[in-house]
Amino acid sequence: MGERDEQGAVEPGADQVEPQLQPVIEAMATLRRRCPWSSRQDHQSLEKYAREETDELIVALEDFMTAPTSENRAAVVEELGDVFYQVLFHSALLDESSGHAYGHSLGAIIDGLEAKLIRRHPLAFTDEAGDEMASLEDVEREYRRIKAEEKAAAPGEDRTR
C-alpha cells in the first residue's frame, strides 16, 4: 500500500501481500452488496464480534505458546484472519460513509501503521547501527520520549496507541 524507502525495505516475499489484498477487499464489497446479514451491519453492531474474535485470538495464542503444534499454529492463523476480517469490515464501513472506494481506508490503516512503526522505532530504522540491535533500555527510553512528544503535539487527540 505505501511506498518503501531504503529505511522501510521489506524482506523477500512481503511484496506478495499487497496483491493479495485486492481480492479480499472485493469479497468484502460483494458481501456488503449481496449478503443480507453483512449489508445490515454497522460499527455498533460489529462491536461484540470484534471483542469475541480478539478473545478467541488470545486463547489460540495461549494454546500455541503452551504447545506450539501445527494445529495450534493453524488456529492462530485462523483467528488472526477473523480479527483481520473485523478490520476489513470496519474499514469498508468507513469507505462507505465517506464515499471512498473500498480499500481506501484499509490502505490508510496500513500506511498509518507503517509510518507509526518507523516513527516510534527510530533506533531500529537508522542506518547508523548497521545490523546491530539497540539496547532494550535505549529502545524503551526512545519509545517513551516519542509517545510523549506525540501526545504533547496533539492534545485531545489520542495517538498514544
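Read-outs: derived from the displayed coordinates by stated rules, not from any lab. As the structure is a computational prediction, the values presented were derived from the model and not from experiment. Note that each Cβ is placed from the backbone with ideal geometry, even for glycine, and that neighbours are counted across all protein chains shown.
Tabulated data for the structure shown
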quantity: Cleavage-rule hits (trypsin sites (Lys or Arg not before Pro)) in region 61-127: DSSP loop, at most 16 neighbouring Cβ within 10 angstrom; calculated: none
quantity: Estimated distance in nm for a label pair at residue 27 and residue 148, the labels positioned 7 Å out from Cα along Cα-to-Cβ; calculated: 4.6
quantity: Shape call, region 75-116: gyration tensor on alpha carbons, a/c limit 1.5; calculated: oblate
quantity: Length released on extending from residue 94 to residue 132, taking residue separation times 0.36 nm less the Cα-Cα span; calculated: 9.6 nm
quantity: Cβ-Cβ FRET estimate between residue 35 and residue 87, R0 fixed at 22 Å, reported to 0.05; calculated: 0.75
quantity: Ratio of the Cα radius of gyration of region 44-141 to 2.2 N^0.38 Å, where N counts its residues; calculated: 1.43
quantity: Pairwise label distance in nanometres, residue 120 with residue 101, each label 7 Å out on the Cα-Cβ vector; calculated: 3.1
quantity: Efficiency of FRET between residue 44 and residue 71 - r from beta-carbon atoms, R0 35 angstrom, step 0.05; calculated: 0.50
